[in-house]
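These notes concern the structure reproduced below.
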Amino acid sequence: MSPLAKRQVLIGAAFSVLVITGLIFLWRKDSYDLNRSVRQVCLRILVYEELSLHRGSRFRFDFQKNGFKIFALHRGEKSEWREVSAITHAPSIETSPAGFRLDFVQGRAEASFLSEGRTISRFPLSLRFSSLRNPDRQKGIIFFEDGHWRPL
Amino acid sequence: MKTATGGRFREPKVRWKIPGFLQRRWALLLVLASALSLRIFIFLNVTPVLQTDSVGYFFLQESEPVRTPGYYFFMEAVHFFNDLFAITSQYLRLIIFFQLFLLGMINSVLIFTLAKKISLSEGFALAMGLLYNLDLFVVGFEFVVLTETLTLTLLGLTMLFYGKIFEGVRTAPYWAGLASFALLLTRPTYTWLFLILVALTLLFRWRQFVKGFFRQSYARPLLIFLLINLIGIGGWSLRNKRRFDFFGISTILPYQLSYYTWNFVEKYRPGSDEELNEYARILQEVNGQPYDFRWRLREDRQMSEAEISKVLLKLNRKLIEDNFREYARLVPGAAAYYYDYSWYWLRQRQRSFLGKSKLVSAPFRFFRDFYARLFQNPYSLIFLVAVIPAVFIISRRKGGEAAHLALLFEGVIHYNFLVSVILTNAGVNNLRFRVPVEPFILLVFYAAVFHFVRQLRKPRRKPKKDVNSPEKA
């Protein structure tokens with residue numbers, strides 16, 4: 001094969017991979033958004049477990065339907081939770097139950113959820129992610145009493 | 001079996017022939033096979049754990065100017081395909097998988113190829129390819145979520161393609177430029193590396209350069225290489241200016257310098273700038289800890305990342321200028337950490353698989369002990385990184401591209417040392433900064449030893465007798 005033909009084959013192959021990936025992305029957009037949202041939450045849990053262990057700080061995730069807010073416990077004259085950042089999921093993704101809360105203490109993620117002003121901790125607790133466009137598509141993260149958790 | 005004419009038909013013997021491709025590439029395939037089998041063993045026996053430094057690399061959209069985006073892109077690309085095809089929910093293990101089986105394998109091939117170029121021997125390249133995979137200090141970082149393995153891949157690619165410019169490959173300057181730009185986006189330490197490479201080439205080819213031949217042949221490709229880097233750096237700096245009001249690659253420098261200045265932060269001498277003195281007071285209150293200083297200015301004064309970085313750089317510069325002796329006194333310690341051979345980074349992970357098989361752990365332990373002895377003894381260290389490479393380069397100065405490549409390697413090794421040591425005194429982090437050049441240190445060392453042994457074994461030519469010599473007469 002001549003060098004020119006080789007180059008043409010390589011460029012063609014690269015272009016084909018890009019086009020096919022793009023088409024699959026469009027076809028599986030719902031599934032991609034769902035997986036991405038779960039991954040973003042899981043990685044953040046890993047990150048804040050590590051930060052709470054090594055910095056000795058306390059952090060909290062408060063989930064709403066369309067995203068979640070991250071708070072850090074500020075120890076000044078009086079302790080207060082200060083918002084660090086707010087994460088919004090893709091528009092087609094919804095989390096439930098609303099009021100789900102994660103507290104990070106000494107490298108552990110403690111799960112609970114608030115219902116009618118009361119904190120309910122019945123383990124195992126699961127945080128569910130669902131696609132609004134395709135309600136059959138659901139994923140979740142399960143939390144156990146001892147602080148362990150895993151994506152479902 | 002009888003044939004139509006009654007004779008016996010002899011079935012032709014099936015002769016197995018090794019395809020030409022395999023015959024030509026047997027050494028490379030052997031390196032790949034050993035690298036792959038070793039990595040399968042590691043992957044099955046290692047549990048990935050986060051380092052505290054890993055936590056900032058996961059979310060590309062939330063990247064801050066203190067970090068460059070190279071490693072973010074790598075992780076995001078891996079996760080993109082995982083999100084698209086829902087392969088696994090073990091996200092850290094997925095990153096480790098790609099670091100081991102993609103970057104690690106590329107690194108093995110790069111070391112093999114570069115070793116072949118520097119020694120002009122396939123046998124030596126094979127040995128180096130195999131030895132690379134037994135250096136746990138380097139391979140160990142393939143199962144840690146940090147930038148080292150990617151940096152090594154990009155550094156190796158930069159060296160390979162930069163070397164190919166002088167073999168006359170037309171596309172080489174473009175690939176070398178892109179690899180170099182990706183490298184400095186992964187680790188800003190390498191921002192000025194492209195200039196060092198070009199300067200060393202000019203030094204090596206000075207005579208050709210003066211005579212004009214060099215300019216005719218290589219001026220254009222080198223210009224392309226320089227331009228791609230400059231455009232890349234300029235573009236990324238402009239993006240930072242627009243987004244963060246900060247012109248530059250990264251705001252990491254003041255934080256790195258703070259590892260020096262927190263040792264003498266209490267010796268700050270107030271100057272005429274009242275505002276700076278006020279910031280110095282805050283820095284002293286947090287004992288010179290740069291990330292606590294950032295937190296204070298961000299929380300109490302709502303300052304931006306760029307403003308904090310500027311203030312911290314000013315404070316650090318003043319502290320170093322006013323206390324230069326204190327700073328200089330700490331530099332040898334930083335250098336000692338850089339060339340240490342401690343197991344801080346891999347302690348947790350090496351136990352998990354070295355205990356599984358004596359067959360695998362024996363060569364790892366042998367080379368660990370050997371390299372630890374080489375690096376921890378100051379005399380052998382000087383021979384390893386300075387004397388032997390210098391003698392090698394001088395003795396091969398007329399050896400063409402191989403000597404040029406050896407000189408470039410030495411340039412990269414010492415550039416990395418100087419930047420890492422002069423700009424930061426981060427203890428075990430300094431040791432980590434050595435990882436991307438560690439295979440090149442060993443490559444030049446082994447190539448020099450190989451060259452000297454080959455020279456000794458080569459039969460010396462007898463000098464031709466001069467027909468007009470008095471002996472003849």
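In region B:388-428, the convex hull through the Cα atoms has an average projected area of 3.4 nm², a quarter of its surface area.
Rounded to the nearest 0.05, what FRET efficiency do residue B:302 and residue B:86 have when you use their Cβ-Cβ distance and R0 = 45 Å?
Using R0 = 45 Å, I get an efficiency of 0.60.
A straight Cα-to-Cα reach below 17 Å connects residue B:267 with the aspartates and glutamates B:278, B:285, B:321, B:322, B:326, residues fewer than 8 places away in its own chain not being considered.
Compute the projected area of the convex hull of the Cα atoms of region B:114-232, averaged over all viewing directions, and report it in nm² to one decimal place.
Details: hull surface 33.2 nm².
Spelled out: convex hull of the Cα atoms, projected over all directions, averaged, 8.3 nm².
Straight-line cross-link partners of residue A:65 among the aspartates and glutamates, defined as a Cα under 14 Å from its Cα and at least 8 positions apart when in the same chain: A:94. Cross-link check: pairs A:69/B:310; B:398/B:458; A:6/B:164; A:78/B:310 evaluated at a Cα-Cα cut-off of 24 Å; pairs beyond the cut-off: A:69/B:310; A:78/B:310. Ranked for footprinting exposure by Cβ neighbours inside 10 Å, fewest first, A:52, B:108 give A:52, B:108.
Remark: spin-label model distance residue B:24-residue B:394 equals 4.1 nm, labels positioned 7 Å along the Cα→Cβ axis. Distances longer than 21 Å among the Cα atoms of region B:179-296: what percent of all pairs is that? Cα-Cα pairs in region B:179-296 separated by more than 21 Å: 59 percent. Helices assigned as whole DSSP H runs in chain B whose Cα atoms extend at least 27 Å along their own long axis and whose mean Kyte-Doolittle hydropathy is 1.6 or higher are found at B:26-45. Expressed as a fraction of 2.2 N^0.38 Å, the rule-of-thumb size for a compact globular protein of N residues, what is the C-alpha radius of gyration of chain B? Chain B yields a ratio of 1.17.
Report Rg(Cα)/(2.2 N^0.38 Å) for region B:372-466, keeping two decimals.
Details: Rg = 16.6 Å, N = 95, 2.2 N^0.38 = 12.4 Å.
Expressed relative to 2.2 N^0.38 Å, the Cα Rg reads 1.34.
Please work out how much length the chain gains when fully extended from residue B:242 to residue B:278, using 0.36 nm per residue of separation minus the C-alpha to C-alpha distance, in nm with one decimal. It would help to have the intermediate numbers written out before the result.
Working: separation 36, 0.36 × 36 = 12.96 nm, distance 2.86 nm.
Taking 0.36 nm per residue and subtracting the Cα distance, the gain is 10.1 nm.
Bridging of residue A:29 to aspartates and glutamates at a Cα separation below 13 Å is possible for B:83, once same-chain residues fewer than 8 apart are set aside.
Note down the Stokes-Einstein diffusion coefficient of region B:249-333 in µm²/s, whole number, using a Kirkwood radius over alpha carbon pairs, 20 °C, and 1.002 mPa s.
Details: Rh = 12.9 Å.
So the translational diffusion coefficient is about 167 µm²/s.
In the protein assembly as shown, the DSSP-assigned H stretches of four residues or longer account for a calculated mean residue ellipticity at 222 nm of -19000 deg cm²/dmol, using -39500 (n - 2.57) per stretch and the full residue count as denominator.
Rg/Rh, computed from the Cα trace of chain A with Rh as the Kirkwood radius, has the value 1.17. Taking Cα atoms, how many degrees apart are the long axis of helix A:29-54 and the longest axis of chain A, rounded to 10 and kept between 0 and 90? With rounding to tens, the tilt is 50 degrees.
Hydrodynamic estimate: the Kirkwood radius of region A:37-119 over Cα pairs, inserted into Stokes-Einstein at 10 °C and 1.306 mPa s, corresponds to D of 120 µm²/s. If the Kirkwood radius is taken over C-alpha pairs of region B:213-368, then at 10 °C and 1.306 mPa s the Stokes-Einstein diffusion coefficient equals 80 µm²/s. With the simple spin-label model, which puts each label point 7 Å out from Cα in the Cβ direction, the residue B:223 to residue A:2 separation comes to 2.9 nm.
Considering just Cα atoms, how many Å³ per residue does the convex hull of the protein assembly as shown enclose? Show your work: numbers first, answer last.
Details: hull volume 184.1 nm³, N = 625.
Hull volume normalised by residue count: 295 Å³.
Taken together, the values in this text are just the output of simple stated rules run on the coordinates, not laboratory data. Here the structure is a predicted model, which is why all the values come from computation and not from measurement. Every residue, glycine among them, receives a Cβ derived from its backbone with ideal geometry; neighbour counts consider all protein chains shown.
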